[in-house]
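What follows is calculated from the coordinates using simple rules that are stated; it is not laboratory data. In this text the structure is predicted, and so the values were computed from the model without any measurement. Cβ atoms come from the backbone with ideal geometry, glycine included; neighbour counts cover every protein chain shown.
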């Protein structure tokens, strides 16, 4: 159950104060080797949560919006919050909601409806987490949509990804996840820098900007997505996403794109860097009597096209309407001359209809 009594905010002192008591409360039958055992234990030490009378913690049980709001408010409050509803309040959680709204942590627009008994989603949790942790986001003038919230949450380490960094923004939050995120909030507020899930941050950056360049390469991209180009008078191309990754990164969300691929120069797909572009082709409503080889119009400077199947590099004769696919380019790593390799990455770009486009804006 979620304790509805008062919780102190002195993070360091509480750990020492309740250590002995936490051992008694921490012996749950369903925690054992659970991945969040440490966070659960520390949340109990902080007297923010407790178990159930049957000796369980129920780590995978969903958490409501009200429960998460109460958890955060109790942990970061500057003064005690009573859980007893006043004459103007009809719900046990109203005081906690009011506190977080007053502090700029919670806003009316954060939830699609005002049902605080509803299970909280990962993106709703992210909004509360980043505002609780980052003072600049509590400014009423700072808008925080879903994509921006997940970006801040993953870049700061508050939210980790699922399989290969999957964000699952609409996925529901469990008790184990909520106490883990709460612990991270307290660490950030204390000035600690958290480890970041690179692939989750990359996915969040792609959702926000279309690329993962800054997360993966540490440089701001000059590519503004979506980017539209006329390949011919009949065929248009739109770049929707652009991913950068290393051939050694089998955990990359787009790793499977190069499996089974072939380089025209016959070099190995290993020991390379990759740019993978998710593109849409608009081929119009009238069939042509020629095919368009996309590689002729879309050339990476100093890079080699990777063919995944025999015809992925061309818009076929008679094709009409729209289709979506990936254009992938590889750059072999230079083992002998790392300076040359760095230069190639730094000044890489792409070419459409003989027009060069810089990949990175801050070419130092």
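Brief remarks on what is shown
- Net lengthening on full extension, residue 262/residue 356 (0.36 nm per residue, minus Cα-Cα): 31.3 nm
- Based on C-alpha pairs under 8 angstrom that are at least 6 apart in sequence, the chain has a relative contact order of 11 percent.
- Fraction of alpha-carbon pairs over 24 Å apart in the range 210-358 - percent: 31 percent
- On the basis of the beta-carbon distance and an R0 of 22 Å, residue 168 and residue 208 show a calculated FRET efficiency of 0.85.
- Residues of the range 165-207 with an amide N closer than 17 Å to a point placed 7 Å from the Cα of residue 34 along the Cα-to-Cβ direction: 172-184.
- Packing, as the average of other Cβ atoms within 10 Å across residues, places the peptides 156-166, 38-48 in the order 38-48, 156-166, highest first.
- Protection proxy ranking of 295-306, 122-133, 196-207, 280-291 - average other beta-carbon atoms within 10 Å, highest first: 122-133, 196-207, 295-306, 280-291
- Estimated FRET transfer efficiency when R0 is 41 angstrom, pair residue 285-residue 196 (beta carbons, to 0.05): 0.35
- Globularity index of the range 121-229, i.e. its alpha-carbon radius of gyration over 2.2 N^0.38 Å: 1.07
- Calculated [θ] (222 nm, deg cm²/dmol) that DSSP helices of n ≥ 4 give over the chain, each run adding -39,500 (n - 2.57): -8500 deg cm²/dmol
- When each of the peptides 66-75, 236-245, 223-232 is scored by how many other beta carbons lie within 10 Å of its residues on average, the order from highest to lowest is 66-75, 236-245, 223-232.
- Extended-chain gain in nm, criterion 0.36 nm per residue less alpha-carbon gap, residue 111 and residue 271: 53.0 nm
- Counting only the Cα atoms, the range 131-194 fills a convex hull of 92 Å³ per residue.
- Across all Cα atoms of the range 11-203, the radius of gyration (one decimal) and Dmax (whole number) stand at 16.2, 49 Å.
- Both the radius of gyration and Dmax for the chain are 25.3, 80 Å, in that order, over alpha-carbon atoms.
- For the range 105-160: rounded, prolate or oblate by the Cα gyration tensor [a/c cutoff 1.5]: oblate
- Contour excess over end-to-end distance, with Cα ends at residue 342 and residue 141 and 0.36 nm allotted per residue: 68.4 nm
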